[in-house]
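Encoded as structure tokens, the structure appears first; notes follow it.
The values are calculated or read from the model by the stated rules, or taken from the named source; none is laboratory data. Note that the coordinates shown come from a computational prediction; the quantities given were computed from them, not determined experimentally. Positions of Cβ are generated from backbone atoms using ideal geometry, with glycine treated the same way; all protein chains shown enter the neighbour counts.
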Amino acid sequence: MNEQSRKFRSFALVLGILSLVGILYNVGAYRYLQHILVPSLQVIPPAVDRITIGLALAFFTLAIYHLTLLVFTLRLVSHLQTRFFLGAFWLVLLVTSGVLILSDITILHDQGKEYIYWDISGQWNMLYGITGLHLFVAVTGLFLLWKQPLPPTASLFSKIEQDEGALFYLLHIIGLICGLAGLTIINIPELIDLADRYRNAWLLALSILAALPFVSFGLYWLIRKRGPALDEKQLADVGGGATAALLVSFTGLLLHLIMQNVQQIILHDNNYLIFLIFLQLTVYAGTVALRNGLLDRN
């Protein structure tokens, strides 16, 4: 390991430890705020302002740590030969956790205005759930930084010269994971019994969150690919995936029309388009991954 890589690893490990401390601080702060932010509260204690400063510092450290882990992970996946599914799953979790830091801030901001009017216990449950994801990512990131050999230092955006098929394959594994996640989240607004005025906004936000890792890694791959976007084999794989997705879409539309006619609709009409998009993504990405050895390369 060269000097630059050693310094990078040391910096990332320190950030990881500070992030763990920040996560534990956040949990303690949430517990305190959850007990005092109730409709009967007349005056906000001065301690809340001090807690808010600590939360801001913790979120800032956690965000920088996520960016550092992203740089580390992109350097790793550029040299992957096996365990593509694990690499893709880790990237999805890392990107999702990083984006959800913004959700933490938004939820806390909304709670400061809404606790007077109604019960916000559901928002606290969301914060604890997201914090659990942050904790998992932080601990896993420390383990990887400590155990995983760092590949040679290179530009993250240099043109792909070798093993370009590996990143193409990884992209579609990520697409498969995102597609399955999107199909799953459609039922979340129903399970938590959201009011109709919130359901569509929640569904849209969750759908964007589910698709974001695939879209962002796809842009990263295109930036590094440069030149012709697809070679002959990749073009055939994409064509096969698109054909399979189209056939499934037609079948899904037909079934939906039949269910409408017999009044046994499984999905709300406003959910169906999102369901169809993620179904297409799942079938397309899964088909491309299978054509590239999904069952053999993991």
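Residue pairs whose Cβ atoms lie under 7 Å apart, separated by 6 or more positions or on different chains, with the first residue in region 114-139 and in the same structural domain as residue 104 (by TED's automatic domain parsing) and farther than 30 Å from residue 91 by Cβ and the second of a type outside the set (A, V, I, L, M) and modelled with pLDDT under 75, are 115/39; 116/39; 120/111; 120/114. On inspection, residue 251 fails the criterion of being assigned to a helix (DSSP H, G or I), modelled with pLDDT of 90 or more and hydroxyl-bearing (Ser, Thr, Tyr). Once region 74-99 is narrowed to residues that are among the polar types (S, T, N, Q) and touching a residue at least 60 places away in the same chain (Cβ under 8 Å), the residue that is surrounded by the fewest Cβ atoms within 10 Å (Cβ to Cβ) is 81.
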